[in-house]
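First comes the structure, then the notes that go with it.
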Amino acid sequence: MMKYRFLGRSGLKVSELSFGSWITFGSQVDVDLAYRLMTKAFDNGVNFFDNAEVYSNGVSEEIMGKVLKRTQWKRSDYVVSTKIFWGGQGPNDTGLSRKHILEGTNNALKRLDLEYVDLIFCHRPDYDTPLEETVWTMNLVLNQGKALYWGTSEWPAWMIRAAHDIARREHLIPPLMEQPEYNMFNRQKLELDYLPLFADLGLGTTIWSPLASGILTNKYLLGFPEGTRMQQPENQWLKRKLESEEGQIKIRKAAKLNVLANELGMSLPQLALGWCLKNPNVSTAITGASRVEQLEENLKTCELKHMITDEVIQKIEEILQNKPKQPHSFR
């Protein structure tokens, strides 16, 4: 039941649901479990696997690399990404300078044990490095064959457009995709800010956190269960956000969404993922999992998303009450 979508105006097709290693690989997931998760995803049509140099300080890439070597999948059958920005503690191990992009890419490829990645993202905007330097260096990475496409993650719309303008002026390859957070509680960028970029530049998107860091699983309604990410020391910042008044409002809305999902005969994660996939500007939604059963539940979204009709979307909007508003026209 897996469908494949073009990544923006590129000729590359990615599965509408993809698999990412953020938070899990290297902390909750070892090589053997990662193998079971990735093969389960691949056997169900997932062809895109997302990673980053910062995830578990590089251990995440090492685990994914070992899994890919064990599977012996044909290289043309899967798409791998990594992201460059946070590579270490040294003065030149962070950011999007020419030095860090080139060294970070080389180090990521060593950890992944790959000759190239299909997608390489600038993980955040770097306001201390000239944008021309970053665009020229990303073009060099592609020309060296170390990546096939490049993109951005959590960049403001104006900066993505500026990067395209530089690339067009200098006859370079522009960023073809953006990786923003997108879910029922985080909608501004994808539903409003980026709209001109979809129309003008054909921007593709590989969205992350479609389940809003677990809020859209309804598991935090009665607190923070043992074994969840909220118990991990590195995620205490996220726990504090959920304990805030705003976080509690989201949790209560998730409970109402859960009732709606159950009325439809699906789980809340399936409703949340299907809602994301209803947006035509979503190329792929990156899912994560620390258990095979969790992944299986997410993958069933592909069979159920047709149930999210316009009427269901309207009921969701009545619960969320957060649809981004177009700027006021003074005419």
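Over 23 Å from residue 135 (Cα atoms) and modelled with pLDDT of 95 or more: does that describe residue 86? The answer is no for residue 86.
Selection over segment 19-57 of residues that are under 20 Å from residue 150 (Cα atoms) and of a type outside the set (Ser, Thr, Tyr) gives a count of 11. Identify, from the list 289, 272, the residue that is buried (at least 21 other Cβ atoms within 10 Å of the Cβ), out of contact with any Gly (no Cβ under 9 Å at 6 or more places or on another chain) and not in a helix (DSSP H, G or I). Of the residues listed, the single one that is buried (at least 21 other Cβ atoms within 10 Å of the Cβ), out of contact with any Gly (no Cβ under 9 Å at 6 or more places or on another chain) and not in a helix (DSSP H, G or I) is 289.
A Cβ distance below 7 Å, combined with a sequence gap of six or more or placement on separate chains, defines the contacts here; from segment 87-111, residues that are within 17 Å of residue 63 (Cα to Cα) reach no residue that is modelled with pLDDT under 95 and surrounded by fewer than 19 Cβ atoms within 10 Å (Cβ to Cβ). Looking only at residues of segment 195-222 that are touching a Pro at 6+ places or on another chain (Cβ under 7 Å) and not in a strand (DSSP E or B), we find that the one that is nearest to residue 52 (Cα to Cα) is 211. Residues that are farther than 22 Å from residue 270 by Cα and either assigned to a helix (DSSP H, G or I) or within 17 Å of the chain's Cα centre (by Cα) (or both) within segment 17-33 comprise 25, 31, 32, 33, listed in sequence order.
Quick one: is residue 101 β-branched (Val, Ile, Thr), at pLDDT 95 or above and over 21 Å from residue 32 (Cα atoms)? Against the criterion (β-branched (Val, Ile, Thr), at pLDDT 95 or above and over 21 Å from residue 32 (Cα atoms)), residue 101 qualifies. The criterion of being more than 28 Å from residue 19 (Cβ to Cβ), surrounded by fewer than 16 Cβ atoms within 10 Å (Cβ to Cβ) and in contact (Cβ under 8 Å) with a residue 24 or more places away in the chain does not hold for residue 156. Scan segment 4-16 and tell me whether some residue there is assigned to a helix (DSSP H, G or I), closer than 24 Å to residue 302 by Cα and at pLDDT 95 or above. Among the residues of segment 4-16, not one is assigned to a helix (DSSP H, G or I), closer than 24 Å to residue 302 by Cα and at pLDDT 95 or above, which makes the answer no. Criterion applied to 17, 7, 12 was being over 26 Å from residue 213 (Cα atoms), in contact (Cβ under 8 Å) with a residue 60 or more places away in the chain and not polar (S, T, N, Q), and the one residue passing it is 12. Comparison of 165, 128 shows that the only residue that is surrounded by fewer than 16 Cβ atoms within 10 Å (Cβ to Cβ) and in contact with a Ser or Thr (Cβ under 9 Å, 6 or more places away or on another chain) is 128. Screening the candidates 65, 58, 45 for the property of being of a type in the set (Gly, Ala, Ser), surrounded by fewer than 16 Cβ atoms within 10 Å (Cβ to Cβ), touching a helix residue (DSSP H, G or I) at 6+ places or on another chain (Cβ under 8 Å) and touching a residue at least 40 places away in the same chain (Cβ under 8 Å) yields one hit, 45. Screening the candidates 265, 274, 288, 247 for the property of being out of contact with any helix residue (DSSP H, G or I) (no Cβ under 7 Å at 6 or more places or on another chain) and closer than 30 Å to residue 27 by Cα yields one hit, 288.
Of the conditions (1) of a type in the set (S, T, N, Q); (2) assigned to a helix (DSSP H, G or I); (3) crowded, with 17+ Cβ neighbours inside 10 Å; (4) at pLDDT 95 or above, residue 262 satisfies every one except a single condition; which number is it? The single condition residue 262 does not satisfy is (3).
The values are calculated or read from the model by the stated rules, or taken from the named source; none is laboratory data. Remember, it's a predicted structure, so these values are computed and weren't measured experimentally. Because the Cβ atoms are built from the backbone with ideal geometry, glycine has one as well, and the counts that use them run over all protein chains shown.
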